[in-house]
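Structure first, commentary second.
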Amino acid sequence: MKENIDRLTLGTVQFGLDYGINNPNGKPSKEKSLAMLDYAWQNGIRIFDTASAYGTAEEILGEFTSTRNLGSDVKIITKLRPNILSESSDSTEDTIRKNLEESLGRLKRDYVDGYLLHTPGYIRDSEVVSVMEKLKNEGLVKNIGVSIYEFDDAIYAAGLSEVHYIQFPYSILDQRLDNKDFNDLTEKNNIEVFARSAFLQGLFFMADEKIPPHFEKVKVYFKEMDKVIKKYHFTRQQAALLFSFYNYNFDHVVFGVDNMNQLIEDIQIVKDNRDCSGCIEELRNRFENIEKSIIFPSLWKK
């Protein structure tokens, strides 16, 4: 199991899109994004997560790694564009291959360390999986996998010999990944698990007065959560990140930032290495089975 900063993976969606429910400033400038990538690298982060659907994120990441000649010292994960197969008139193989080649061009790389399906249902299509495996055999991809929301898809993917990477949301309010069957399967099949969305797209940081009316139940949960974390002298940011980071059923924790201060703080939270076992245990026991309307951003009313 990876220790300390090596377990962090920096997500780059905020560098290419206006992203997050609590991000009033939108995406940072390219210069600020490059500075954040450089800071992450200088502080030991070696895996970066992106996607063809993340606006200009691949280009920015490609500029960062190429101008610094990082090569194989850095690992890059990207994703097939969502729903691309239903939008293309080309064959499945041609569509996937073209999308990957376009991503490689933007990333300025000959291969990516991870290529994930961004439409979870595609993992159940044997033709799609076969094409992904073919690209891997050609050396264009080191590991194939899927980014998932539904637990049934996670269990299915964990049972496939072709799958090497699985991304799945996990947070104080979304503990579905704490499942023995899933953990046993991923361990048995040597699958690396990337826990993402520790901050629920910034929802954890919203002031009560800014939380939309349809999220009224969230205020109740946050009030309960604050009681726990204040008892242990943690902030929401610390508790949310460490809740995922210290779950050693996962190999990596994907986190995103939209400004340098957030990045500095998140890295420092991990480097401080504070004992949070009591706080985590209490949070785990109090927030099981939260309704999907809260933990699934796709179901959030706009």
Semi-axes (Å, rounded, descending) of the ellipsoid equivalent to region 134-245 per its C-alpha gyration tensor are 34, 15, 13
For region 82-170, just list the percent of Cα-Cα distances falling in each 10 Å bin from zero outward, please.
17, 53, 28, 2
Residue-ordered couplings for region 225-241, obtained by feeding phi - 60° into the Karplus form 6.51 cos²θ - 1.76 cosθ + 1.60 and rounding to whole Hz (Gly and Pro as x), are 5, 4, 4, 5, 5, 5, 4, 9, 6, 10, 8, 4, 4, 4, 5, 5, 5
Cα centre as origin, Lys/Arg/Asp/Glu Cβ charges: the chain dipole, Debye:
740
Mind listing the Cα extents of region 172-302 along all three principal axes, in Å, largest one first?
46, 33, 29
Quick one: Karplus J couplings for region 171-185, per residue in order, coefficients 6.51, -1.76, 1.60, θ = phi - 60°, nearest Hz, x for Gly and Pro?
7, 4, 8, 10, 9, 5, 6, 7, 9, 4, 4, 5, 5, 5, 5
Mind putting a number on the dipole of region 37-129 about its Cα centre? Charges go on the C-beta only, +1 for Lys and Arg and -1 for Asp and Glu, and I need it in Debye to the nearest 20.
280
Quick check on the chain: what does the Kirkwood estimate of hydrodynamic radius come out to from the alpha carbon pairs, in Å?
19.8
Which entries of 32/271; 27/108; 30/217; 32/210; 27/134; 98/136 show an alpha-carbon separation above 25 angstrom in the structure shown?
30/217; 32/210; 27/134
Treating only the Cβ atoms of Lys and Arg (+1) and Asp and Glu (-1) as charged, compute the dipole magnitude of region 190-302 about its Cα centre; round to the nearest 20 debye.
380
Region 184-216 and region 221-268 have their Cα centres apart by a whole-number Å value of 11
Tell me, what ³J(HN,Hα) does each residue in region 145-162 have, in order and in whole Hz, if you take phi through Karplus 6.51 cos²θ - 1.76 cosθ + 1.60 with θ = phi - 60° and put x for Gly and Pro?
x, 8, 9, 10, 10, 8, 5, 4, 5, 5, 5, 4, 5, 5, x, 8, 5, 6
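Values in this text are rule-based calculations from the coordinates and carry no lab data. From a predicted model like this one, the values you see are computed outputs, not experimental measurements. Here Cβ is always computed from backbone atoms with ideal geometry, including for glycine, and neighbour counts include all displayed protein chains.
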